[in-house]
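Notes follow once the structure below has been shown.
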Amino acid sequence: MYWDLELHDSEAFNVISVQDLVTLGAILRVSVMHLVFGQEPPPELPATTYSEVARRLRAQMSDRTMSVDQMSDLVGWKLEEYLDDPDRFAELPIFGLRWVCKAVEVDWATTLANPTARLTTG
């Protein structure tokens, strides 16, 4: 898997999960932000929890009177399991996380601290 990441930059965005990127960063002793962007984010970059993303998804569905299936179709990922357990958003590749976050107007990069916190404390 690592070989593909080295050869194809898009693999880090389209294939590997965010959690696997965090794990790889821990092995290499760099942050996931450094792996993805080549540097650390500015200190003013806010953090958005996966629970907040799920809350916003539910609010968006309520405001637009959409079912989970309709919202899933909109973002391109089946959302029910992620709404039940928001920490599972770390299982998505960045490509998927970006679409989910875009639907609720969250900068996907602000969610990258979530799996990092779980890795270092768990």
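The values are calculated or read from the model by the stated rules, or taken from the named source; none is laboratory data. For clarity, every value in this text was computed on a predicted model and none was experimentally measured. Counting neighbours? That spans all protein chains shown, and the Cβs are built from the backbone with ideal geometry, glycine included.
From the list Ala59, Ala103, the one residue that fits, being surrounded by fewer than 12 Cβ atoms within 10 Å (Cβ to Cβ), at pLDDT 85 or above and aliphatic (A, V, I, L, M), is Ala59. Picking from residues in the range 22-46 that are in a loop (DSSP other than H, G, I, E, B) and loosely packed, with under 12 Cβ neighbours inside 10 Å, the one that is modelled with the highest pLDDT is Arg29. Condition check: surrounded by 19 or more Cβ atoms within 10 Å (Cβ to Cβ) and more than 23 Å from Met33 (Cα to Cα). Does Leu79 satisfy that? Taking the combined requirement at face value, the residue satisfies it.
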